[in-house]
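Everything on this sheet refers to the single structure shown next.
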Amino acid sequence: MTSRRDFFGRLTGLAKQKKEEERFFPFAPFFDASKADICVVCENPTCVASCPEEIIKKGDKEPPKLDFSKRGCTFCADCASSCSDGVFAPTNGSGISALIEIDPSGCLAWHNTICKSCFDPCLDNAIDFSGLFYPSIIPEKCTACGFCIGVCPANAITLQRNLP
Ligand code: SF4
Ligand code: SF4
Ligand code: SF4
C-alpha cells in the first residue's frame, strides 16, 4: 500500500519534473536570433567557450541559450565577437529578453522566514524588500542578468519569456 509520504513525494517529484520541462532558456545578449539556423548546424560553438561565466549552453542541433542555474551574465561582451559566422556581433542588441519574477508562493521571505540570498547578488538593486520580508523585483531596474536565480534556496525566482 502506498504511504502518504510516498504519495506526496511522488507528487513533489512530478511537480519538479514539470517545472524542469517548462524551464525557459533565453538567448544571450549580442545574439541575432534571426540567424539561429546557422547555429543548428554549427560544429564548433566558439560562443560557448567564450563566456567566462560558463552560462552559454548549446544542445545538439540547438541554438545557444543562457542557463542561469549557477551563474548570471555580466554583460562583459566576450561572446559578442566569438562567432566567425556573425551570429553574435557587438552591433546586435545587448539586452536579455526575459522576465524575472519572485514567486511569493515559494519564497521563504514571503512565509515569515528570514532569507535575503537574492539581495546581494543583484548589483542593480532591483530587488525590493519591505524591511526583512516580501521581496519583489522592480521591472524597470532588472536587467535579467540571472544572478539571483541560482542562489535562491527555494527555487522561487522564475524566468519567463518577455512577451511584448
Ligand atoms: S555577455 Fe559575457 S557573461 Fe554574458 S553571455 Fe556573453 S560572454 Fe557570457
Ligand atoms: S535578474 Fe534582475 S533581479 Fe535578478 S540579479 Fe539580475 S538585475 Fe537583479
Ligand atoms: S532568495 Fe529566494 S527565498 Fe530567499 S528571499 Fe529571495 S526569492 Fe525569497
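Bear in mind that the values in this text are calculations on the coordinates, not laboratory data. All values reported here derive from a predicted model rather than from experimental measurement. Note: ideal-geometry Cβ built from the backbone for every residue, glycine included; neighbour counts use all protein chains shown.
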| remark: Counting only residues in the stretch 28-68 that are touching a residue at least 60 places away in the same chain (Cβ under 8 Å) and of a type in the set (A, V, I, L, M, F, W, C), the one farthest from ligand 1 (Cβ to nearest atom) is identified as PHE68
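Determine whether CYS148 is in contact (Cβ under 8 Å) with a residue 40 or more places away in the chain, more than 10 Å from ligand 2 (Cβ to nearest atom) and in contact with a Cys (Cβ under 9 Å, 6 or more places away or on another chain). Quick ask: steps written out before the conclusion?
Values: in contact (Cβ under 8 Å) with a residue 40 or more places away in the chain: yes; more than 10 Å from ligand 2 (Cβ to nearest atom): no; in contact with a Cys (Cβ under 9 Å, 6 or more places away or on another chain): yes.
Answer is no for this residue.
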| Filtered residues of the stretch 56-78 (kept if under 19 Å from GLN160 (Cβ atoms), more than 16 Å from ligand 2 (Cβ to nearest atom) and part of a loop (DSSP other than H, G, I, E, B)) | PRO63
| message | Given the options PHE133, PHE88, name the one that is in contact (Cβ under 8 Å) with a residue 24 or more places away in the chain, in contact with an Asp or Glu (Cβ under 8 Å, 6 or more places away or on another chain) and of a type in the set (A, V, I, L, M, F, W, C). | response | PHE88
| request: Test each condition in (1) within 16 Å of ligand 1 (Cβ to nearest atom); (2) surrounded by fewer than 18 Cβ atoms within 10 Å (Cβ to Cβ) for ARG71 and report the one that comes out false. | output: (2)
| task | Just need a number here: residues in the stretch 78-93 that are surrounded by 15 or more Cβ atoms within 10 Å (Cβ to Cβ), out of contact with any helix residue (DSSP H, G or I) (no Cβ under 8 Å at 6 or more places or on another chain) and either under 18 Å from GLY146 (Cα atoms) or of a type in the set (Lys, Arg) (or both). | result | 0
| request: Output the residues belonging to the stretch 126-147 that are assigned to a loop (DSSP other than H, G, I, E, B) and either more than 16 Å from ligand 1 (Cβ to nearest atom) or touching a Phe, Trp or Tyr at 6+ places or on another chain (Cβ under 8 Å) (or both). | output: ALA126, GLY131, LEU132, ILE138, PRO139, GLU140, LYS141, THR143, CYS145, GLY146, PHE147
| Among (1) part of a helix (DSSP H, G or I); (2) within 30 Å of ASP32 (Cα to Cα) - the single one GLU53 does not satisfy | (1)
| query | Going through the stretch 98-137 one residue at a time, which ones are in contact with a helix residue (DSSP H, G or I) (Cβ under 8 Å, 6 or more places away or on another chain) and at positive phi? | reply | TYR134
